[in-house]
Amino acid sequence: MSESRPSFNLTVVLSAQSQTGGGYHQALTSLQMLLYHLPAGVHVRVLDTRGSFRESLRKLVNEGRLSPDDILSMPRRLPSLRDRIVVEKGVFFALIRWLLSLRGISIGASLLARYLDKSDTDLVYFVTPSLVAHELQIKPYVWTLWDLCHLDSPEFPEVRTSGKFEGRDEATSLCLRKASLIVVDSAELEVNARLSYGITASKFVTIPFAPASGISAPASDALLPQEVRQIAGKFVFYPAQLWTHKNHGRIAEAIGILKERNLDIHAVFVGKDLGAGTSLRRLIDELGVADRVHFLGYVDDEVMPKLYKASLGLVMASYFGPTNIPPLEAMMLRVPVIASHQHKSQLGESALLFDPDEADDLANAIESLSSPSVRKKLVTEGEKALAALSKQRENGYRQLSRGIQGIARRLYV
């Protein structure tokens, strides 16, 4: 990029909500790491679409890594009638949209896409897999892909019912094809995306997931919930929203098997109920383990490290992978990890892997956590895995920095 050119404006879009858990923290980590590896001549601004990152962005301003003018916010509305028809709420505008759809008339992009296209940014970086990206008609963008689980496991209702599969597949394809760069968290996901959608390898940058930045912060004054304090050291921990694919039921079945073996082991679940809660509680009642399975719902970030440390270990039972953030957080806190086979490429020897279809397999893994030698081995291997992932992450952000510089040069020919 020429020295005489003005700075190249990069707008980072933050669209996650704090209660989404890992996705929220990964978005913040991506922004922080980008600021550390900022390419020369690139000016970063941040658009917090929901206002969820307000406190974190204020800290970055106080640290001098962003200026107050670099924090953008979404306008309540754009001035043109066409914009208002697209995004305004209310019966009147909903009726207009419906009538236009009946006539096959496209009403265009969302408010976010329109705002970005009309802004003076040169490049947009979506640090979460926002499906708004493909709606951009003017601005080039860097897109983030976290998984293709709708292709890997289409049997789950959260990815196939009510047109979800078709909508996600089409939008994902468009987002990938229109992206200037694509950030993925594993080499396995890159291969999957290339084979599934025919994307050229040169577009991809691999940056492994990172534990939440505050997970290892000094202990706060927050207390464990009372029901957890009573079982400290005798429960496995699973922070995951209540989706079917998260496979909480297999953990409940394993707890039932351990009960039959006269082992008093509990399970603690953290996360919002997004559709699987009713059937899960019914299963727990049928298994007779309602007194050993504890639902805490959403908990504050300050409580999370205490829950990890008070547990026997983390159980990552999800069918979706090949990567997830909770195992990394557990390893950082020196907590043993049990995970489904889907996570083998991410965790390797740092976790006890089990067949997510087999409750007996999981029960055996949980029982083995009583062995000090097993626990010590898992903690040691976890530290090695984190160190290796940290190096890969640094290399990934350097590659991303070079990629952004390349886009700047091409746009400023």
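The values are calculated or read from the model by the stated rules, or taken from the named source; none is laboratory data. Computed from a predicted structure; not experimentally measured. No Cβ is skipped: glycine too gets one built from the backbone with ideal geometry, and neighbour counts run over all protein chains shown.
Which residues, counting only those in region 196-252, are among the aromatic types (Phe, Trp, Tyr) and closer than 20 Å to MET332 by Cβ?
PHE209, PHE235, PHE237, TYR238
Yes/no per residue for (1) surrounded by fewer than 22 Cβ atoms within 10 Å (Cβ to Cβ); (2) under 20 Å from the mean Cα position of the chain (by Cα):
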{"position": "ALA254", "(1), (2)": "no, no"}
{"position": "ILE257", "(1), (2)": "yes, no"}
{"position": "ALA267", "(1), (2)": "no, no"}
{"position": "GLY275", "(1), (2)": "yes, yes"}
{"position": "ASP285", "(1), (2)": "yes, no"}
{"position": "GLY288", "(1), (2)": "yes, no"}
{"position": "VAL315", "(1), (2)": "no, yes"}
Subset of region 294-327 that is of a type in the set (A, V, I, L, M) and in a helix (DSSP H, G or I) - its residue that is nearest to LEU283 (Cα to Cα):
LEU307
Quick check, is TYR238 among the hydroxyl-bearing types (Ser, Thr, Tyr) and assigned by TED's automatic domain parsing to the domain that holds GLY288?
yes
In this structure, does ALA363 turn out to be of a type in the set (A, V, I, L, M), assigned by TED's automatic domain parsing to the domain that holds GLY249 and either assigned to a helix (DSSP H, G or I) or more than 24 Å from the chain's Cα centre (by Cα) (or both)?
yes
Do we have PHE204 as closer than 17 Å to ALA133 by Cβ, free of Cβ contacts under 8 Å to residues at least 24 places away in the same chain and not polar (S, T, N, Q) here?
yes
Restricted to region 222-239 and to residues being assigned to a helix (DSSP H, G or I) and among the charged types (D, E, K, R), the residue modelled with the highest pLDDT is ARG229
Residues in region 240-250 that are in contact with a Leu (Cβ under 7 Å, 6 or more places away or on another chain) and not in a loop (DSSP other than H, G, I, E, B) total 4
Pairs please, first residue from region 341-362 and of a type in the set (Lys, Arg), second anywhere and modelled with pLDDT of 95 or more and not in a helix (DSSP H, G or I), Cβ atoms under 7 Å, 6+ apart in sequence or on different chains.
LYS344/LEU353
So GLY396 clears everything in (1) modelled with pLDDT of 95 or more; (2) assigned by TED's automatic domain parsing to the domain that holds TYR319 except one condition, right? Which one?
(2)
Every pair of residues 6+ apart whose Cβ atoms lie under 8 Å, when the first sits in region 281-295 and is free of Cβ contacts under 8 Å to residues at least 60 places away in the same chain and closer than 15 Å to GLU260 by Cβ while the second is among the charged types (D, E, K, R) and crowded, with 17+ Cβ neighbours inside 10 Å:
LEU287/GLU253; GLY288/LYS259; VAL289/LYS259; ARG292/LYS259
For region 105-119, state whether one or more residues are surrounded by 12 or more Cβ atoms within 10 Å (Cβ to Cβ), farther than 30 Å from SER196 by Cα and either small (Gly, Ala, Ser) or at pLDDT 95 or above (or both).
yes
